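A.B. asks: Here it is: the structure, laid out below.
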Amino acid sequence: PTKSIHPLAVRVMNEIGIDISQRKANSVRDFLGKESFNTVVILCPESEEQCPRIWLGISSKNRFHWPLQNPALVTGTEEERLIAFRSVRDQIQQKIDEWTGIKNKDFIAEEIPSEQIHPLLNKSCDQA
C-alpha cells in the first residue's frame, strides 16, 4: 500500500528547498517488471535485507548499499528526531555528491525541480 512520506522528512527537505509533501512511499516491488533501472541505491539496513538480490540488467557496480540509519526509528524529543532526519538527509547529499562528482548542494536543490526527480528516489524496498 501507498504511504505518506514521514512528516519530519518533508520538513527537513523543505529546509533545503525541496518539496516532497506530495510524494508517496511505495514498495519498489510495485515497479519491478514495469520500470527499467540503470542503478539501484539501497539506504537502510532494513531495506537491504528485503530488497531483491538480483536486478536484471544491473551489474554489481551499479548496485549500491549506503547503510544509513533509518531516522524514522529514532526516539526522543522532536528536536532529537529532527537532528536524525537532517543527518541522514545530509549524508545522502554527501553520497550523491561523491557519486556524481557534483559538490554544489545549491545546484541540486535549485536546478532540479522535485517533480523531475525520478519517483523511485522516494521509494524504499519495503514500506512497513
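A.B. asks: In region 1-21, how many residues are more than 15 Å from Ala84 (Cα to Cα), surrounded by 12 or more Cβ atoms within 10 Å (Cβ to Cβ) and in contact (Cβ under 8 Å) with a residue 12 or more places away in the chain?
C.D. replies: Going through region 1-21 one residue at a time, the tally reaches 9.
Quick grid of which residues meet (1) closer than 18 Å to Glu15 by Cα; (2) modelled with pLDDT under 60; (3) open to solvent by 70 Å² or more (accessible area, probe 1.4 Å); (4) part of a loop (DSSP other than H, G, I, E, B):
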residue: Ser47; (1), (2), (3), (4): no, yes, no, no
residue: Lys61; (1), (2), (3), (4): no, no, yes, no
residue: Pro67; (1), (2), (3), (4): no, no, yes, yes
residue: Glu80; (1), (2), (3), (4): yes, no, yes, no
residue: Ile92; (1), (2), (3), (4): yes, no, no, no
residue: Glu98; (1), (2), (3), (4): no, no, yes, no
residue: Glu115; (1), (2), (3), (4): yes, yes, yes, no
residue: Leu120; (1), (2), (3), (4): no, yes, no, no
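A.B. asks: Going through region 1-41 one residue at a time, which ones are of a type outside the set (Val, Ile, Thr), part of a loop (DSSP other than H, G, I, E, B) and more than 24 Å from Glu79 (Cα to Cα)?
C.D. replies: Of everything in region 1-41, those that are of a type outside the set (Val, Ile, Thr), part of a loop (DSSP other than H, G, I, E, B) and more than 24 Å from Glu79 (Cα to Cα) turn out to be Pro1, Asn26, Phe31, Gly33, Lys34, Ser36, Phe37, Asn38.
A.B. asks: Look at Gly33 and say whether it is of a type in the set (Gly, Ala, Ser), open to solvent by 40 Å² or more (accessible area, probe 1.4 Å) and modelled with pLDDT of 90 or more.
C.D. replies: no
The values are calculated or read from the model by the stated rules, or taken from the named source; none is laboratory data. All values reported here derive from a predicted model rather than from experimental measurement. Counting neighbours? That spans all protein chains shown, and the Cβs are built from the backbone with ideal geometry, glycine included. Remember, those area values only see protein heavy atoms, side chains included, never the ligands or the DNA or RNA. Shrake-Rupley method; radii C 1.70, N 1.55, O 1.52, S 1.80 Å.
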